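Structure, as structure tokens:
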Amino acid sequence: RLGQLQRLPGLPRRLDIDQLDAASFARDGWRLNLTGITGRQTGLSGRTERLEASGTFVGSRGLRTLNLQARAARTRAQPDVPGGPYALGGFQQLSGLRTDQLSGNALLLLRATVYQRLSQHPVLTRGWFAGASLEAGNVWLDPGRIGLHGLRSAGSLFLGADTAAGPAYLG
């Protein structure tokens, strides 16, 4: 049954605008992602609706950078199906919880990350960074309950590298 829920036939709508100056450890810019899917479900009766939005704003002063992110998502609750399609847990997704420890039909995550470039002349990378994040978020089985009440808080300290293979973290 869960395999049938992963396929959501319908009409997807998506808008992505990315003005960040780098994919990893951005120093300036913003990004907006909006996704909506509506249609009929297969395997279970009823309609499916899925709405997702995320935004990022990044600004720097000197070697320090502030990265603010928000993510919200919701879908219709599925009867007799535990959990849901959205999950939180793991590094910078409510750090301290196991990866994807929480799941539900609605998600809200707010994150502020500060990082500082450690060297202007990096070795074996495009840059080394030290940083910290503060996170607040939760998931809900009932999408109608999504809100700022009941948010869990978390945080992390990390050392990161911008490598040719992507970002690497020790946190």
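Heavy-atom accessible area for T99, with the other protein chains in place and a 1.4 Å probe, reaches approximately 110 Å². Multiplying the residue separation of L20 and L34 by 0.36 nm and removing their Cα-Cα distance gives an extension gain of 3.4 nm. Overall, the anisotropy analysis places the stretch 80-171 in the prolate class: the square-rooted eigenvalues a ≥ b ≥ c of its C-alpha gyration tensor yield a/c not less than 1.5, with a/b exceeding b/c.
Taking R0 as 41 Å, what FRET efficiency do you get between L124 and E49 from their Cβ-Cβ distance, rounded to the nearest 0.05? It comes out at approximately 0.30.
The values are calculated or read from the model by the stated rules, or taken from the named source; none is laboratory data. Please read these numbers as outputs of a predicted model, since none were measured by experiment. So basically every Cβ, Gly included, is an ideal-geometry build from the backbone, and we count neighbours across all protein chains shown. Surface accessibility is based on the protein's heavy atoms, side chains included, excluding ligands, DNA and RNA. Shrake-Rupley method; radii C 1.70, N 1.55, O 1.52, S 1.80 Å.
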